[in-house]
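Structure first, commentary second.
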Amino acid sequence: MKKMINVVGIGPGSEDYMIPAAVRTIKDSDIIVGGRRNIQEVDTEGKETFVITSKLSDAVDYIRKNMRDKVISVVVSGDTGFYSMLSYLSKHFDRESINVVPGVSSMQYMFARIGDTWHDAYISSLHAREDDIIEPLRKRGKVGLLTDKKWNPSSIAIHLCENGMGDATIYIGENLSYENERITVKKASDIDPHSEYEMCVVVIRYENQ
C-alpha cells in the first residue's frame, strides 16, 4: 500500500534546522496540515493547507477525506517522535499508511546550544502535563523540560526552592533557532518569581550534596 500521509518534523523553527528530506517531502505533497505557526514556516505555494485547532478530530476527518488521491504532509515542530502529533495520528491510521520524516527536536537543539549531552538526562514535558521532576533531578543531576504557561521557568524555580534545590542551575531557552533566540542561565533561587518568559525549553543541572 502506498503511504499517503507524511508526518514531517520541521525542527525547532528556523529553516536552517529543517533536514533536506523534510523539505523534499513537503515539496512533493499536495496538502499541508499543521498548526498555524508550523504552516507559516514551510513553503505552501500551490498547495492546499489545513490549520489544526484544539479539536484534533477535525484534522483526522480532513485527512481521511483527502488521503485516497492526494499526498498529505502533517508538519510538526521539532522531531516527530518527541511529544508530537504522531502518537495521536497513529491511533487513527494504520502504520502502513504513515511515512515518518524525523526532525531536530527543540530539546536536542537546546542541549547543543549549552554544549551538553542529553543521553544522561531525564527528559519530560510539562506542557499541559504534570510530572515530578525532583526525584529524577536528585538521581541524575540533569533534567530537560518542555514548558507551558503554568509550568514556566519561574514556577519551576519556585518548586525547586521549595524542595531545597535553590542552588540548581537553570538554563532557559526562548525562541530557539530564531534571530531573537535568548538563552538565560541562573540559579533557581535567583529567578524572579514574577518574570515572564516565552514558550521555552528548560535544562536543569543539580549537584546533589
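A short reminder: the numbers here are calculations on the coordinates, not readings from a lab. None of these values were measured; they are calculated from a predicted model. Every residue, glycine as well, gets a Cβ built from its backbone with ideal geometry; the counts of neighbours run over all protein chains shown.
Please compute the modelled spin-label separation between residue 99 and residue 40, points set 7 Å along Cα→Cβ, answer in nm with one decimal.
So the two model labels end up 2.9 nm from each other.
Expressed in nm to one decimal, what extension gain is obtained for the pair residue 117 and residue 169 from 0.36 nm per residue of sequence separation less their Cα-Cα distance?
Gain on stretching residue 117 to residue 169: 17.2 nm.
Lys and Arg at +1, Asp and Glu at -1: add these up for the other residues within a Cβ distance under 12 Å of residue 120 and post the number. Display every interim value, and only then the final one.
Details: positive: 139, 140, 142, 205; negative: 116.
Here the count lands on +3.
Give me the distance between the Cα centres of region 164-209 and region 1-60, rounded to whole Å.
Region 164-209 and region 1-60 have Cα centres spaced 30 Å from each other.
Grab the DSSP H runs of the chain that are 4 residues or longer, score each as -39,500 (n - 2.57), total them, divide by all residues and round the 222 nm result to the nearest 500 deg cm²/dmol.
After summing the helix terms and dividing by residue count, I get -7000 deg cm²/dmol.
Could you list the GluC sites (Glu not before Pro) in region 19-110 that lie in coil according to DSSP, counting only those with at most 16 other Cβ atoms within 10 Å of their Cβ?
Here the GluC sites (Glu not before Pro) that fit, given the DSSP loop and packing criteria, are 45.
Work out the P(r) tail for region 107-205: percent of alpha carbon pairs separated by more than 22 Å, whole number. Write down the numbers at each step before the final one.
Working: 909 of 4851 pairs.
The share of Cα pairs beyond 22 Å in region 107-205 comes to 19 percent.
What is the extension gain from residue 130 to residue 53, computed as 0.36 nm multiplied by their sequence separation minus the C-alpha to C-alpha distance, in nm to one decimal?
Length gained, residue 130 through residue 53: 25.5 nm.
For the pair residue 69 and residue 185, how long in nm is the line joining their label points, each one 7 Å along Cα→Cβ?
For residue 69 paired with residue 185, the spin-label model returns 5.8 nm.
Compute the relative contact order of the chain as a whole-number percentage, counting only Cα pairs closer than 8 Å that sit 6 or more residues apart in sequence. Please list the in-between numbers first.
Details: 399 pairs, mean separation 44.1, N = 209.
Rounded, it is 21 percent for the chain.
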